[in-house]
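Report on one structure; see the data block that follows.
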Amino acid sequence: MKTRALEKYTVRDVLEYRGHPQLQHTVGERDTVEDALELMYAHDVVSLPVLGGSNSDDQAFVDIVSVYDLRDYITNSQGLEEEVDFQMLSGRASSKPTVLEDTVAQVVRSRKHASQE
């Protein structure tokens, strides 16, 4: 059976086989929801590591954000319905900040808060 053959391999085995790939696509905590979505779309990925730190040389892993996290955050955000209604009726975006301008850190915090409830 194939599953028995796979049981003897670990993630480390796969990484060693692939040559320890580097993270090519990441987002920072201060990047926006829109930045994350654009990066995911451009590189055909559904999740990205989130890095944080005071400068670009000292970036530490914070979390992973997925397209599903972003979807949930957008659809559950306050004011989204009013913005969509405004755009549908007027044919233009309002001048108010939208959920797409929120940071990736806000998405991560909202997901952690939801999992604690």
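Points to keep in mind about this one:
- In segment 81-92 there is at least one residue that is out of contact with any His (no Cβ under 6 Å at 6 or more places or on another chain), without any contact (Cβ under 8 Å) to a residue 24 or more places away in the chain and open to solvent by less than 50 Å² (accessible area, probe 1.4 Å).
- Cβ-Cβ under 6 Å pairs, at least 6 apart or on other chains, segment 24-38 side on the phi < 0 side of the Ramachandran plot, far side surrounded by 16 or more Cβ atoms within 10 Å (Cβ to Cβ) and of a type in the set (D, E, K, R): 33/102
- The residue that is surrounded by the most Cβ atoms within 10 Å (Cβ to Cβ), counting only those in segment 31-59 that are of a type in the set (Gly, Ala, Ser), over 11 Å from residue 107 (Cβ atoms) and in contact with a strand residue (DSSP E or B) (Cβ under 6 Å, 6 or more places away or on another chain), is 52.
The values are calculated or read from the model by the stated rules, or taken from the named source; none is laboratory data. From a predicted model like this one, the values you see are computed outputs, not experimental measurements. Using ideal geometry, Cβ is built from the backbone for each residue, glycine included, and neighbour counts are taken over all protein chains shown. When the accessible area is computed, the model is the full protein with side chains, heavy atoms only, and any ligands, DNA or RNA have been set aside. Shrake-Rupley method; radii C 1.70, N 1.55, O 1.52, S 1.80 Å.
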